[in-house]
């Protein structure tokens with residue numbers, strides 16, 4: 001089946017036809033590093049990580065670019081708010097965290113969150129501050145083409161002339177006269193209130209370090225300009241997919257599209273946007289007090305469970321959080337991991353002296369079931385793909401009960417292929433751990449299971465129960481079956 005994705009620009013599901021056969025180029029908006037990541041950021045990153053993983057599974061050579069916006073009005077405002085009293089013998093003084101230090105600190109927080117949840121590192125992760133020359137070049141192209149103008153008051157501001165580009169509003173299908181004024185720059189020098197800033201002249205009170213020389217005066221780039229300059233730097237004037245959260249469609253992505261196409265670039269062939277995360281049907285809001293942070297989620301459940309929860313819905317749909325959401329995800333992950341652990345042990349036992357830790361590596365080249373592939377090809381229908389995964393787990397458990405080793409192997413191969421494609425294997429150590437430590441644990445637990453089996457054979461139920469209780473207290477789950485006892489690590 002041909003890969004098909006929903007294109008926001010045309011409001012249609014379209015065949016994926018890459019600009020270059022066998023290759024796929026993806027740009028998705030990363031963090032504006034003004035604060036800690038929230039669940040919306042992470043849902044978006046997981047959605048586009050699933051996309052890039054699936055494109056690679058289908059054989060594409062994928063280049064992924066995810067930007068870091070490290071200079072922005074919000075970052076400067078947050079830095080200005082960080083003043084703290086510094087009492088010294090010579091009197092009270094004020095100190096603040098420099099904007100660039102604040103931005104880097106939050107960038108690292110995003111990096112840790114991405115890594116914790118198994119989000120693959122992009123091919124390139126450019127920072128806005130490292131691409132000011134490219135931004136100047138793009139601004140000049142727009143001025144030369146009659147689509148941008150410096151403010152006549154000498155402020156150093158440069159604006160995009162929205163009425164010079166008849167296609168403005170095409171991405172979100174809006175009429176320009178129905179749009180609100182752009183609030184990203186002082187309107188005094190604008191020809192139209194909707195004109196947005198490409199370059200912002202340095203203002204009194206702004207940090208001197210937050211300004212660069214330019215042909216129009218010292219200043220800093222506008223937010224929308226940054227992305228256009230960075231994506232074309234790394235993917236060229238034409239690329240396959242531009243992604244981001246639904247909240248970025250307007251004005252951010254609309255403005256990106258306008259300025260890039262007005263400058264003569266083809267820009268993105270497809271626009272893909274992920275849906276929002278809500279709290280029991282309501283928009284998350286700090287003022288209402290119904291927000292849940294990634295830190296709170298990770299305090300309640302393992303990263304593997306949080307990844308499963310944030311990635312389980314179809315990417316375009318709303319993902320609704322409620323207090324029981326993580327428990328439901330944990331149960332689903334436990335079923336998957338429980339089967340993997342039991343199946344790996346069964347395969348290892350059937351093949352003699354092979355340990356559980358080494359047996360799991362046999363299935364690295366597994367393929368996903370056809371129904372799973374059909375679901376993922378259809379606009380990343382992850383719910384349907386997960387249904388196939390859980391059905392395969394059920395079939396695998398039935399094969400374990402029946403002692404059908406061939407069916408167990410087939411199910412294990414398929415399940416590990418599906419979890420790998422969904423990124424679940426990169427989040428945290430799986431139930432079937434590899435390496436010397438796993439082999440040692442396997443040997444120790446197996447010796448306890450053998451002692452328990454002997455106690456049961458001698459009808460010493462107290463000794464049998466004591467061994468099982470000790471293993472349970474250590475986080476080892478023991479399950480009895482027709483082929484004997486198997487074990488797995490408990491997933492909290």
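Scanning the range 250-257 finds no residues that are over 16 Å from residue 132 (Cα atoms), surrounded by fewer than 18 Cβ atoms within 10 Å (Cβ to Cβ) and free of Cβ contacts under 8 Å to residues at least 40 places away in the same chain.
Criterion applied to 288, 318, 306 was being touching a strand residue (DSSP E or B) at 6+ places or on another chain (Cβ under 8 Å), farther than 28 Å from residue 407 by Cα and in contact (Cβ under 8 Å) with a residue 24 or more places away in the chain, and the one residue passing it is 318. Among the residues of the range 84-100, not a single one is under 22 Å from residue 421 (Cβ atoms) and at pLDDT 95 or above. For the range 260-283, the condition of being over 30 Å from residue 18 (Cα atoms) and without any contact (Cβ under 8 Å) to a residue 24 or more places away in the chain holds for at least one residue. Of all residues in the range 144-158 being in a loop (DSSP other than H, G, I, E, B) and out of contact with any helix residue (DSSP H, G or I) (no Cβ under 7 Å at 6 or more places or on another chain), which is modelled with the highest pLDDT? In this case the residue turns out to be 156.
Select from the range 166-196 the residues that are more than 33 Å from the chain's Cα centre (by Cα) and touching a residue at least 12 places away in the same chain (Cβ under 8 Å) and write down the one among them that is surrounded by the fewest Cβ atoms within 10 Å (Cβ to Cβ). So the residue we want is 188.
Scan the range 210-224 for residues that are surrounded by fewer than 20 Cβ atoms within 10 Å (Cβ to Cβ) and either part of a strand (DSSP E or B) or outside the structural domain of residue 79 (by TED's automatic domain parsing) (or both) and report the count.
Qualifying residue count for the region: 1.
Every residue, every condition in (1) touching a strand residue (DSSP E or B) at 6+ places or on another chain (Cβ under 7 Å); (2) in a helix (DSSP H, G or I), yes or no:
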residue: 226; (1), (2): yes, yes
residue: 233; (1), (2): no, yes
residue: 243; (1), (2): yes, no
residue: 247; (1), (2): no, yes
residue: 254; (1), (2): no, yes
residue: 259; (1), (2): yes, yes
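Among the residues of the range 63-74, those that are modelled with pLDDT of 95 or more and either under 16 Å from residue 379 (Cβ atoms) or buried (at least 21 other Cβ atoms within 10 Å of the Cβ) (or both) comprise 64, 65, 66, 67, 68, 69, 70, 71. The single condition among (1) closer than 30 Å to residue 284 by Cα; (2) modelled with pLDDT of 95 or more; (3) part of a helix (DSSP H, G or I) that residue 56 does not meet is (1).
Contact map, the range 6-24: residues that are assigned to a loop (DSSP other than H, G, I, E, B) paired with residues that are modelled with pLDDT under 95, Cβ distance under 8 Å, separation 6+ or inter-chain. Pairs shown: 16/2.
The values are calculated or read from the model by the stated rules, or taken from the named source; none is laboratory data. Predicted model, so just to flag it, every value in this text is computed and none were measured. Backbone-built Cβ (ideal geometry, glycine too); neighbour counts: all protein chains shown.
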